[in-house]
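As structure tokens, the structure follows; a few thoughts come after it.
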């Protein structure tokens with residue numbers, strides 16, 4: 001890429017902003033779908049992820065935990081459909 005930038009760099013910089021990672025996530029999902037991959041429906045936005053976890057590695061916000069739980073449930077349902 002021009003100027004020595006890498007794909008990681010393109011996704012890393014926006015993620016350092018409050019919701020910049022959302023745009024990167026949407027682009028990544030579109031790319032994966034074009035490549036024929038299965039993408040789990042839904043997304044979990046975790047703004048300021050570097051501050052979102054406590055010392056034990058658990059999410060501090062109950063709201064964020066519920067969003068992660070919903071996404072995990074979507075993954076389990078999708079795996080069941082694919083296996084079924």
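Computed from the coordinates by the stated procedures, all read-outs in this text should not be read as laboratory data. Everything numeric here is computed off the predicted structure, so don't read it as measured data. All Cβ positions, even for glycine, are placed from backbone atoms using ideal geometry, and neighbour counts span all protein chains on display.
Nearest 0.05, what FRET efficiency do residue 28 and residue 55 give at R0 = 30 Å with Cβ-Cβ as r? Don't jump to the answer; show the numbers that get you there.
Numbers: r = 30 Å, r/R0 = 1.00.
Working from the Cβ atoms, E equals 0.50.
For region 41-84, what is the largest minus smallest coordinate of the Cα atoms on each principal axis, given in angstrom and ordered from greatest to least?
39, 19, 15 Å, listed from the longest principal axis down.
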